[in-house]
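Here the structure is laid out as structure tokens; the discussion comes afterwards.
The values are calculated or read from the model by the stated rules, or taken from the named source; none is laboratory data. Just so you know, these numbers come straight off a predicted model, no measurement behind them. Neighbour counts run over all protein chains shown; Cβ positions are idealised from the backbone, glycine included. Protein only, heavy atoms only, side chains kept; ligands, DNA and RNA dropped before computing areas. Shrake-Rupley method; radii C 1.70, N 1.55, O 1.52, S 1.80 Å.
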Amino acid sequence: MATVDISERFKARVAYQQFLDTNSRWWFDVEAKMIHLKSNDLTFRLNSFDDESGSARFPNHIYRNITGKIGLNYNISPNAFFSLGTEFNVERMYTLLDKIDQAKADTYNRKLYNHSNFNTFLKFEQNNLNKKYYFTKGNHLQINTRFYYGDSYKLYDLDRVQPMLYSILNPEQDYYFKPRNLVSFTVNENFAYPITRRLAAKVNLFLGASFGSVKEDRIPYLFLNEKYNIGGSEYNNDLMNPEFNGLRQKELPTNSIAKMGVSLQYRVMKRLYIAPSFSYGKISDEFSPFTDSFNMFGYGVNLGYESLIGPININVSRNNQLDFSRIYFSVGFKF
């Protein structure tokens, strides 16, 4: 099976899968994915200010990520499999300049950050949800571990263009250390139980943590593609991007997170759903979300319609870290 997926602001994926035996047990898959989107990263936006004047200094950024993956998979049942594979990832961040900004920044490189690495992963996945969107029963369990290696990075003129971001993104700072033999461990469980024909209860449990060398009084430095990027209101399969109420997708990067989300989904009409939800998480810059962490909670409500062109969602939510509400509208299938 081969798929090609394209979104409205450049985001694309090409995937191919092939069975290797007549019993449909062994199969391999290859995938290439690219995103080229405006960054939602709160860390960059809050620290993009001139130290002297306090004014915004190129606060908007474009984040580009290219990933190539190959994996060998084994089906242990019709809805569960193990996967062993390797990914190569290249990420780059640019300053997003308008005409006035370009005139001010002619002497600077628009590139701010470039990083590439490999990871080898072992994953178990089991899925018996009755539907991809607006599911009402079943569960979807993902357990994944990744070993990262082969890091290469460049920061261009970041120390002159945005010194505050340079202090965050430079792994050679005195308060950072680069962990050796970095291994991440992720568990993501989604469970749904039908209470009545129209009402279903849903629970999401997410744990993202890492293991590696440790140095006292220093924070482990993880590159952007090694962090968990929290945010978004829609169910997704990406193990590095857990959803959280009150945040845009991938808005809060962190080294570790433990999160629980609960919601009640009510079918108002045949294809129309409303779902109030609550999220609670412990978030940390350490390897474990239970070490030097802070608590965050959020709540919201989602109105969804199951259309011929895919799910249509309107979501309103907020959390205790940002003093305003977020409204999100989306149309179509996600990848």
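Which of the residues belonging to segment 186-201 are in a strand (DSSP E or B) and open to solvent by 70 Å² or more (accessible area, probe 1.4 Å)?
F191, Y193
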Starting from segment 295-316, keep only residues that are aromatic (F, W, Y), then list their pairs with residues that are at pLDDT 95 or above and open to solvent by 50 Å² or more (accessible area, probe 1.4 Å) whose Cβ atoms are within a distance under 8 Å, requiring at least 6 positions of separation or different chains.
F297/F278; F297/Y280; Y299/P276; Y299/F278
Of all residues in segment 218-246, which are among the polar types (S, T, N, Q) and open to solvent by 20 Å² or more (accessible area, probe 1.4 Å)?
N225, N229, S233, N236, N237
Selection from segment 203-226 of residues that are part of a loop (DSSP other than H, G, I, E, B) and more than 16 Å from T291 (Cα to Cα)
L222, F223
Quick one: in segment 253-270, which of the residues that are in a strand (DSSP E or B) and among the basic types (K, R) is surrounded by the most Cβ atoms within 10 Å (Cβ to Cβ)?
K259
Filter segment 110-122 for residues that are touching a residue at least 40 places away in the same chain (Cβ under 8 Å) and open to solvent by 40 Å² or more (accessible area, probe 1.4 Å); which is farthest from G212 (Cα to Cα)?
K111
Give me the residue from segment 152-166 that is touching a Phe, Trp or Tyr at 6+ places or on another chain (Cβ under 9 Å) and without any contact (Cβ under 8 Å) to a residue 60 or more places away in the chain and, out of that set, farthest from F223 (Cα to Cα).
R160
Residue count, segment 143-180 (criterion: open to solvent by less than 70 Å² (accessible area, probe 1.4 Å), among the hydrophobic types (A, V, I, L, M, F, W, C) and in a strand (DSSP E or B)):
2
All but one of (1) free of Cβ contacts under 8 Å to residues at least 40 places away in the same chain; (2) under 20 Å from S279 (Cα atoms) hold for T186; which doesn't?
(1)
Taking segment 271-298 only, how many residues are farther than 16 Å from L222 by Cα and either of a type in the set (V, I, T) or assigned to a strand (DSSP E or B) (or both)?
17
Being charged (D, E, K, R), under 23 Å from K178 (Cβ atoms) and surrounded by fewer than 21 Cβ atoms within 10 Å (Cβ to Cβ), is that true of even one residue in segment 291-299?
yes
Matching option when the condition is under 25 Å from T43 (Cβ atoms), modelled with pLDDT of 95 or more and of a type in the set (K, R), among K250, K259, K334:
K259
